[in-house]
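Below: one structure, written as C-alpha cells.
The numbers here are math on the coordinates, done by the rules we state, and not lab data. Here the structure is a predicted model, which means the values were calculated and not measured. All Cβ positions, even for glycine, are placed from backbone atoms using ideal geometry, and neighbour counts span all protein chains on display.
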Amino acid sequence: MDPKIAESIGLLRHQIISPVLMETTAAQMEYFRQVSQKDFDVPGRGARRFSPTVMKSWLHKYRKNGFSGITPKTRRDAGTFRKVSGEFRTAIKDLRLQNLERSCVKFYDLCLKQGALGDPPICLETLRRILKAENLYKTREVRARKKFERGSFGELWTADFMHGPQVLESPDGKRRRKAILLAIIDDHSRMIVGYRFGWLENTRLIEHVFKDAILAYGLPDRLYCDNGPSFSSQYLSRVCAHLGVGLVHSKPYDSPSRGKIERFFRTVREGFLTEHESNSSLDLKTLNEAFSSWIRDKYHHGHHHGIEARPIDRYQISIRSFPRKRVTEEMLDEHFLVTVERTVNKDCTLSINSILYEVPAKYIGRRVEVKFSQDNPGEVFLYDEGIRITRIQPVDTFYNGSQRYTPSPRISDIALHAVTSPHAEQGAPEKDGK
C-alpha cells in the first residue's frame, strides 16, 4: 500500500476513536453503535461502514502501540504468490512459451488437463496475475495503423449506428425510447451523405438512409461497415450487388478501423446532443429536424481539423473532377425491394408476413419470386424469371365465396363431346360446295 494512503487511513481511524479515548467501556460501545450507521470516505477504498467491534479493536491497538497500531501495514510478501512456488511458476512460464497463441482462458484449460496448476489447482485469476508478472499475458502483436484518406469523393463511404438519447415515443408523453442514429460519412470530404434517427438497428433504417444518400450524391464505389446483423444481411448484399457497389466489412471488434465515423459520433455527442438531451418534450421527428439543421448549417460548413477545410468545400472541389454515377428514383426503388421466394399453394395462394396473397392459377406448385417494399409491405409484386408480371392482392375470402364456381372442363369430357356432336358425324363442309 502507498505510504501516504496508509497514513490517511490511520488518521481517519484516529479521528473516529478520538471522542471516546477517555470514556468508560459502556460509553464507548454506545458511541461506536451510533457511528456504525454512518458512511466514511476511506482513502483509496471509497465509502465504507465499520462495525462497533472493529472500531473497538482500533481503540485497543491505539492504546497499546500508538498511531502505528492503527496504520495499515504492507504485507511482507506483497507481489508474491503464496500458493505458487518458484519451481511451479517456472513450469507455467515454460508451458506458456510453447503456447503463446492461446488466450488466457484456453491456456488455463490446457494447464488443467496437464495438471500444471497444482493440487488443488489455482484459479484463473491467479494464473492471469502470474502471466502478467512474467509479461506473458498479452501475446498478440499490436499492428501499426497508418492514417489514410481516399483521393476523391465517393470512393469510400463508411456507415455505422450510434445509440442516442431517450425521446418521446407516444404523443401522450408517457413512453420514452432510445433513439438510434445511422450515419454514412464520405472518407475523402468527411461529408455526412446520409443520416437519420430511428428506433432499431435494422435494414429498414439502412434503406432510408442509404437510398437518400444515393439520390443526393450518386453511387459510391464501396460501402464500409461492421459485422452487425443488419450490415451482414442478405438484403444489403443483394442491394449493393445490383447497384454495383462494393460491400466491405471490417474485422470483428475492430472499431479503430472505422475511426472517421467514430470520431464523427463523438462530435455529435459533444456538439449536438449536449444541447438537446435536456429537452424533455423532444420526439423523434423533432430530433431528426434539429439534427438535419445542425448537419447542414454547422457541420458541413464548419472547419474540420482532420482535413483542415470545410467538408462542403472538399466535396465541391472533388465532384467537379470526379462526378458520380446517378440512378433514377424508380430504378433505385426497384433495387431496394425485399426479395423472397415462395411456393404457390394448390388454392392459388402464397404467404408473406402471415398474409395470404392470390396469384394466377398457372403458377400452382411453382417456386416464384416475390418482391415488396419495406415501407409499403402491402404492395407485393410477382416476378417470373426476373420480369415483373403483376401486382398480387391479399385473398378476399368473402368475394371468392360469393362467386359462382365454374369447374374447368376435363380432357375426357372434351373428347366425349367431340364424338357425340352431330357435326362430328357429318364432317366439315367442303369448299366450293364439294
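Structure summary
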read-out: Other-chain or far-sequence residues with amide H under 5 Å of R176's (modelled H); value: E169
read-out: Label point distance in nm, K285-H335, each placed 7 Å from Cα along Cα→Cβ; value: 3.1
read-out: log10 of Debye I(q)/I(0), alpha-carbon scatterers only, for the chain at 0.11 Å⁻¹; value: -1.05
read-out: Residues with amide H under 5 Å from that of L156, placed H, sequence gap 5 or more; value: D187, H188, D221, R222
read-out: Proxy reagent accessibility, fewest Cβ within 10 Å first, across T349, T25, T267, T158; value: T25, T267, T349, T158
read-out: Shape category assigned to the range 337-402 from the gyration tensor of Cα positions, a/c cut at 1.5; value: oblate
read-out: Those lysines that a straight Cα-Cα span of less than 27 Å connects to K38, excepting residues fewer than 8 apart in one chain; value: K4, K56, K61, K64, K73
read-out: Protection proxy ranking of 251-258, 164-171 - average other beta-carbon atoms within 10 Å, highest first; value: 164-171, 251-258
read-out: Integer Hz, Karplus 6.51/-1.76/1.60 couplings in order for the range 212-229, x for Gly and Pro; value: 4, 5, 5, 5, 7, 10, x, 7, x, 6, 9, 10, 10, 8, 8, 9, x, x
read-out: Estimated inter-spin distance, R367 and F322, nm [label 7 Å along Cα→Cβ]; value: 4.2
read-out: Over the range 175-301, relative contact order from alpha-carbon pairs under 8 Å, at least 6 apart, %; value: 21
read-out: FRET efficiency estimate (nearest 0.05) - Cβ-Cβ, K298 to Q34, R0 51 angstrom; value: 0.35
read-out: Interchain or long-range residues, amide H under 5 Å from V42's placed H; value: A47, R48
read-out: Residue among N288, N376, N135 with the largest mean-square fluctuation in a Gaussian network model of the chain, springs linking Cα atoms under 10 Å; value: N135
read-out: Rh (Kirkwood; distinct C-alpha pairs) - the range 157-321, Å; value: 16.6
read-out: For the chain: relative contact order, % (alpha-carbon pairs under 8 angstrom, 6 or more apart); value: 9
read-out: Residue order, fewest to most beta carbons within 10 Å, for D226, D94; value: D94, D226
read-out: Whole-number D in µm²/s for the range 86-133 (Stokes-Einstein; Kirkwood sum over Cα pairs; 25 °C, 0.890 mPa s); value: 231
read-out: Partners for K285 among lysines (Cα-Cα distance below 18 Å; same-chain residues under 8 apart left out); value: K174, K178
read-out: For the chain, size of Cβ-based charge dipole, Lys and Arg +1, Asp and Glu -1, in debye; value: 2800
read-out: Contour excess over end-to-end distance, with Cα ends at K93 and M22 and 0.36 nm allotted per residue; value: 19.9 nm
